[in-house]
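The values are calculated or read from the model by the stated rules, or taken from the named source; none is laboratory data. Since the model is a prediction, treat every value here as computed from it, not as a measurement. Backbone-built Cβ (ideal geometry, glycine too); neighbour counts: all protein chains shown.
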Amino acid sequence: MSYQFDAEVCGDYARSSRLEWLLTNGIGGFAMGTLSTSNTRRYHGLLIAALTPPTERTLLLAACDAFAVQGKKRVALSSNQYPGAIYPDGYQNIESVTVGNSVRWTYTAEGMRVEKTISIHQGTNTVKVTIRNLGKKLISIQLQPLVCFRDFHANFTEREGFPEQIEYHADKTVIGEGSHTLVISHPGALRRPVHGWYYRFEHDRETERGLDPRDDLYCPCDIEFQVKPGECCQMVASTDGVTSFDEEEKLAPNLSLVQRLEAAANHFIVQTETRKSLLAGYPWFSDWGRDTMISLPGICLCTGNIALARQILRDYASQMEHGLIPNRFVERGEKADYNTVDATLWFANSIYLTLDQEWDEEFAREMFEKLQESIRYHRHGTVFGIIVDPADGLLTQGEPGVQLTWMDAKIGDWVVTPRHGKPVEINGLWINMLHVAAWMAEKLGEDTSQFLTLAKMAKSHFEAKFWHEGLHYYMDTVDPNDASLRPNQVIAMSLPFSPCDPKHVAIALKSIDQHLVTPVGLRTLSPEDPSYHGSFQGPLRSLDEAYHQGTVWPWLFGPYIRAMMKSGATKAAAKKKLANVEDMLREYGVGGIAECYDGDAPHHAGGCPWQAWSVAEILFVTKELLA
């Protein structure tokens with residue numbers, strides 16, 4: 001799997017510095033950067049290690065300045081941005097870049113032709129830089145590794161006494177700080193222990209977000225290799241004692257859309273000492289319960305990895321408290337967050353889809369016990385005001401200052417879209433969960449009546465309360481009522497056991513098509529609403545204000561297209577909605593799909609460059625449409 005870019009793209013700094021690549025190691029660590037090689041985010045670097053997988057992500061090797069030298073000729077093989085300057089200017093020498101399971105640059109200048117490859121080792125915090133001489137004469141490769149030891153959300157500035165430890169061995173340099181050690185292996189190199197600080201690296205994307213854009217980095221030594229024609233040199237940086245490894249080459253460019261989406265899905269799977277999970281997105285998200293349960297069918301079931309799906313569901317079930325699975329496993333500390341109303345409801349849906357694809361009675365009995373426990377808590381009341389209303393059987397939720405649905409933006413104490421009361425998708429998911437429990441009970445020879453009775457009561461009130469005849473679509477919340485035209489109703493429409501009347505679905509989809517559907521996903525609010533924000537740009541406060549107030553989310557293509565198909569749309573009509581997916585895989589995070597887009601055309605990509613549920617839901621419906 002690969003994506004290729006030519007000199008015209010790569011030599012345009014404004015363009016190539018906004019196209020990002022990602023390599024992941026399967027335990028939460030990664031390498032990430034731009035086609036230009038300039039780090040435009042604080043999250044960019046050659047080695048962001050997951051020191052307590054998949055968390056405690058720490059930037060260790062931020063960059064590596066590189067030059068090819070032949071006589072008096074010196075060609076830059078890297079780029080950095082400083083205030084008002086780019087140095088080195090290696091982006092100008094790029095002939096091509098290929099992004100796949102490694103990232104490969106070809107540089108041509110001054111009669112030299114050089115190939116540089118970045119690859120990452122699976123299962124360890126290890127990265128390798130390989131440089132091959134494609135020319136006809138001997139060249140010198142000069143490297144200056146640039147290190148820091150910082151939390152990947154933070155910044156790094158010069159400080160006295162850093163690093164606490166430097167050791168120079170024959171073929172490696174060891175840098176220690178606190179309890180962590182980075183070993184840089186450079187077999188066959190001439191090393192000069194000349195060390196010092198490089199100041200004021202500037203990250204443009206952080207400036208846009210209104211954050212501190214600058215880092216200082218430390219160079220522990222200069223490294224020089226003599227490389228004959230056709231041969232290569234290597235530098236390996238690792239926290240795990242790895243000094244060399246061979247990466248598997250997978251650079252075939254002519255893969256189908258499904259194969260590209262399947263390759264993208266692999267980035268999000270992580271293995272830790274205690275659990276298997278899915279990261280919500282790169283670079284900054286950890287594993288979130290809601291995102292995991294929405295993404296699991298696409299990432300696991302669509303790729304045939306049913307055993308992984310069962311293991312993830314078991315691991316989350318083991319963390320259930322008060323009838324809820326965790327909303328988020330935190331970066332630091334042992335206590336997870338449970339502030340979610342929908343993660344557990346999506347958990348039930350993923351259990352159903354997993355068992356429907358492959359029945360496993362032992363797993364079914366384990367999960368049935370957990371669903372029974374969860375339903376009891378929901379009926380009698382659990383945390384954050386989550387409780388079934390005995391008057392209508394619908395699920396209500398909400399607590400001041402807390403956001404519990406997927407529309408969870410919060411600025412200080414201000415919850416931007418609180419959606420307190422009875423949200424439409426939450427009650428669709430609640431009724432779906434009751435039917436899932438009844439379905440499992442029947443297959444296990446257990447009593448179904450309690451679940452069906454609860455589902456029948458809730459369903460009878462769902463249409464009466466949520467459907468608005470005058471507006472021709474479903475209310476977003478009731479008790480209190482919110483008539484905003486939002487896409488949450490398509491989630492309720494799309495579920496395996498949807499409570500929505502098919503006649504009403506057909507009518508509502510016309511309003512959704514007219515106001516919410518775009519070529520890259522669904523808007524979170526109608527442009528006709530006074531609270532609509534058409535741009536997802538600017539500092540963090542502006543981003544949070546717009547996050548669910550008009551911003552387009554690609555993951556909503558999944559429930560929207562399933563709702564279309566349930567309503568009788570043709571596969572051809574549904575496929576047209578996904579016509580831009582190939583471009584979406586190349587325009588932001590190369591080989592991934594963005595978290596969100598501007599609500600207004602031309603719909604620039606924004607947010608997280610690799611978002612799990614964006615990939616998962618589009619993969620899910622793409623495979624359904626091709627079946």
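Answer yes or no: is there a residue in region 11-29 that is surrounded by fewer than 21 Cβ atoms within 10 Å (Cβ to Cβ), assigned by TED's automatic domain parsing to the domain that holds residue 199 and assigned to a strand (DSSP E or B). No, that holds for no residue.
Taking region 1-10 as the range and being farther than 29 Å from residue 271 by Cα and either of a type in the set (Gly, Ala, Ser) or assigned to a loop (DSSP other than H, G, I, E, B) (or both) as the test, only 7 passes. Taken over region 225-250, residues that are surrounded by fewer than 18 Cβ atoms within 10 Å (Cβ to Cβ) and in contact (Cβ under 8 Å) with a residue 24 or more places away in the chain amount to 15. Looking across 84, 111, 176, one residue alone is outside the structural domain of residue 283 (by TED's automatic domain parsing), farther than 23 Å from residue 222 by Cβ and without any contact (Cβ under 8 Å) to a residue 24 or more places away in the chain. It is 84.
For residue 147, the stated conditions hold: it is within 34 Å of the chain's Cα centre (by Cα), in the same structural domain as residue 13 (by TED's automatic domain parsing), modelled with pLDDT of 95 or more and β-branched (Val, Ile, Thr). Selection of strands (runs of 3 or more DSSP E) fully inside region 186-267 by the criterion of at least 1 residues being at pLDDT 95 or above and of a type in the set (Val, Ile, Thr) returns 222-227, 232-238. Residues in region 555-568: is at least one over 21 Å from the mean Cα position of the chain (by Cα), assigned to a loop (DSSP other than H, G, I, E, B) and charged (D, E, K, R)? No: region 555-568 contains no residue that is over 21 Å from the mean Cα position of the chain (by Cα), assigned to a loop (DSSP other than H, G, I, E, B) and charged (D, E, K, R).
Being among the hydroxyl-bearing types (Ser, Thr, Tyr) and assigned to a helix (DSSP H, G or I) is a property that does not hold for residue 157.
Within region 41-60, none of the residues are aliphatic (A, V, I, L, M), in contact with a helix residue (DSSP H, G or I) (Cβ under 8 Å, 6 or more places away or on another chain) and part of a strand (DSSP E or B). Can you find even one residue in region 352-374 that is touching a strand residue (DSSP E or B) at 6+ places or on another chain (Cβ under 9 Å) and either at pLDDT 95 or above or on the phi > 0 side of the Ramachandran plot (or both)? Looking through region 352-374, at least one residue is touching a strand residue (DSSP E or B) at 6+ places or on another chain (Cβ under 9 Å) and either at pLDDT 95 or above or on the phi > 0 side of the Ramachandran plot (or both).
The sole residue among 522, 516, 495 that is over 17 Å from residue 548 (Cβ atoms) and under 27 Å from the mean Cα position of the chain (by Cα) is 495. When the helices (runs of 4 or more DSSP H) confined to region 424-543 are screened for residues that are of a type in the set (D, E, K, R), those reaching at least 3 such residues are found at 424-443, 449-466, 502-515. Looking across region 63-80, the residues that are assigned to a strand (DSSP E or B), among the hydrophobic types (A, V, I, L, M, F, W, C) and closer than 17 Å to residue 112 by Cβ come down to 66, 67, 68, 69, 75, 76.
Modelled with pLDDT under 95 and among the hydroxyl-bearing types (Ser, Thr, Tyr): is that true of residue 286 in this structure? It is true that residue 286 is modelled with pLDDT under 95 and among the hydroxyl-bearing types (Ser, Thr, Tyr). Considering region 54-97, and only residues there that are β-branched (Val, Ile, Thr) and under 30 Å from residue 286 (Cβ atoms), the residue that is nearest to the chain's Cα centre (by Cα) turns out to be 55.
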